[in-house]
Each structure stands twice: as structure tokens, then as C-alpha cells.
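Participant: Got a structure for you, questions after.
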Amino acid sequence: VQLQASGGGLVQAGGSLRLSCAASGSISRLNVMGWYRQAPGKQRELVARITRSGTINYTDSVKGRFTISRVNAHDTVYLQMNSLKPEDTGVYYCNLKTLSSNIEYWGQGTQVTVSS
């Protein structure tokens, strides 16, 4: 399984970005796709995740600002990020976790920088 992420960049506070991640390969239908981020000097943290049936979880700091969605037919996940803040800065990683085997796959990471 390979994950190809795109969409990061530099934006001013209050701006928006949209991240995309497409999975390819032999993918179990029982999976969760999501986004994690890692700020400089901090641990990687969950931002949002979504199951194939549409169950969604967000970390508290992004609720009301970020929206995760997916297209099951293409195993693609999106993260729409609005009202961005400098504290959203970090490397964002796409993740796919197969629920049957608990195996995780990671994308290459895409940089998001929010200037104040």
C-alpha cells in the first residue's frame, strides 16, 4: 500500500488549504484513513480520521475549522483546513490503518506553514 499526499504550502493566518491523499495497492476495505501532524519539537498527533462508513474523529483544536472527507471508490482522503492558525504549522502525514490486521501505512508528509 502506498499513500501519496499533496496540498501543503504557506498561508497567512485565517487562510485555507486543502490536503489530499490517495492510497494505492492492495487495500483492505476495513480501514480508517486520517491525517496526523508533527510540529517542530513535538510528537506526532492525530488531526482527524474517517472510516469508510463515515465515522469521523477530530482533535479538539481543529473542530469547527477542519473538515475531513473521503471517496471510498478511490481510497482518497481530503482535509479541508479553514481559519488556519500559526499553531497549525507542521508536517502533515496521511495515514491508513487496516482494522483487521492493525497494520498502518504512512504517506511522505506535506509541510503546512501558517504565518502570523
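The values are calculated or read from the model by the stated rules, or taken from the named source; none is laboratory data. Note that the structure is predicted; figures quoted are calculated from it, not measured. Virtual Cβ from ideal backbone geometry, glycine too; neighbours counted across all protein chains shown. When the accessible area is computed, the model is the full protein with side chains, heavy atoms only, and any ligands, DNA or RNA have been set aside. Shrake-Rupley method; radii C 1.70, N 1.55, O 1.52, S 1.80 Å.
Participant: Considering only the stretch 82-112, state which residues are surrounded by fewer than 19 Cβ atoms within 10 Å (Cβ to Cβ), under 15 Å from the mean Cα position of the chain (by Cα) and farther than 17 Å from residue 43 by Cβ.
Facilitator: Of everything in the stretch 82-112, those that are surrounded by fewer than 19 Cβ atoms within 10 Å (Cβ to Cβ), under 15 Å from the mean Cα position of the chain (by Cα) and farther than 17 Å from residue 43 by Cβ turn out to be 82, 97, 105, 108, 111.
Participant: Quick one: in the stretch 69-79, of everything that is of a type outside the set (A, V, I, L, M) and closer than 17 Å to residue 107 by Cβ, which residue is surrounded by the most Cβ atoms within 10 Å (Cβ to Cβ)?
Facilitator: Checking each candidate, the answer is 70.
Participant: What residue, of 61, 53, is within 15 Å of the chain's Cα centre (by Cα) and surrounded by fewer than 14 Cβ atoms within 10 Å (Cβ to Cβ)?
Facilitator: 61 is the lone residue from the list that is within 15 Å of the chain's Cα centre (by Cα) and surrounded by fewer than 14 Cβ atoms within 10 Å (Cβ to Cβ).
Participant: Do any strands (runs of 3 or more DSSP E) entirely within the stretch 1-93 hold 1 or more residues that are aromatic (Phe, Trp, Tyr), and if so, which?
Facilitator: Output list reads 31-38, 56-58, 66-71, 76-81.
Participant: Okay, next question. Regarding residue 15, is this residue under 15 Å from the mean Cα position of the chain (by Cα) and either open to solvent by less than 30 Å² (accessible area, probe 1.4 Å) or among the polar types (S, T, N, Q) (or both)?
Facilitator: So residue 15 fails the test.
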